[in-house]
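The block underneath contains the structure these notes are about, expressed in structure tokens.
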Amino acid sequence: MKIVGYILLVSLSLLIVLLGMPNVEQGRLEYRNQYAFHLAQQIKTGALPPDTLDPWGQKFEIEHTPANVMVVTSHGSNGVSPADGYDSDDISTSMSNPPHKRTMTRKQTQIFATLALSLCPWLIVLAVRFHRRAASPLESERL
């Protein structure tokens, strides 16, 4: 009977891992976001010419700030940006957390949460066993 219980626990944990884990390979959009950020950095350093196209076939927008800092921006897959800043698909050298890094952070969080969740059935069984062992000597003393 114990073997069947262990097999069920292992099956449940494996099912949680299989359904919860993110794809470790980059998708097309992830790759393009990372590549666009890399190209923007190279344009900023002068390694690539300013007329380089982003992965979506658009020219990078180049701005010079009053502090004489070059900011290279790709408007992403939709090709436009709002007037008041960036939208979710824009990539810029001024970003401290560009889209590809946000995706990587989300995947790491998802991996951690999935592994933690797959351990929960084992922890519950362990807690129930400790509770039963702690309760069993008390019951024998009452009789």
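The values are calculated or read from the model by the stated rules, or taken from the named source; none is laboratory data. All values reported here derive from a predicted model rather than from experimental measurement. Ideal geometry is used to build each Cβ from the backbone, glycine not excepted, and the neighbour counts take in all protein chains shown. Ligands, DNA and RNA are stripped out before the accessible areas are found, and what is left, the full protein with its side chains, is counted by its heavy atoms. Shrake-Rupley method; radii C 1.70, N 1.55, O 1.52, S 1.80 Å.
Points to keep in mind about this one:
- The numbered conditions (1) open to solvent by 60 Å² or more (accessible area, probe 1.4 Å); (2) closer than 30 Å to Leu15 by Cα; (3) not polar (S, T, N, Q) are all true for Lys107 except (1).
- Filtering the range 62-97 to residues that are of a type in the set (D, E, K, R) and open to solvent by less than 70 Å² (accessible area, probe 1.4 Å) leaves Asp87, Asp89, Asp90.
Quick grid of which residues meet (1) farther than 30 Å from Leu119 by Cα; (2) modelled with pLDDT of 95 or more; (3) touching a strand residue (DSSP E or B) at 6+ places or on another chain (Cβ under 6 Å):
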| residue | (1), (2), (3) |
| --- | --- |
| Gln26 | no, no, no |
| Lys44 | yes, no, yes |
| Pro50 | yes, no, yes |
| His75 | yes, no, no |
| Asp84 | yes, no, no |
| Ser88 | yes, no, no |
| Lys101 | no, no, no |
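- Odd one out for Phe130, checked against (1) surrounded by 11 or more Cβ atoms within 10 Å (Cβ to Cβ); (2) out of contact with any Pro (no Cβ under 8 Å at 6 or more places or on another chain): (1)
- Considering the range 10-44, and only residues there that are under 17 Å from the mean Cα position of the chain (by Cα) and charged (D, E, K, R), the residue that is surrounded by the fewest Cβ atoms within 10 Å (Cβ to Cβ) turns out to be Glu25.
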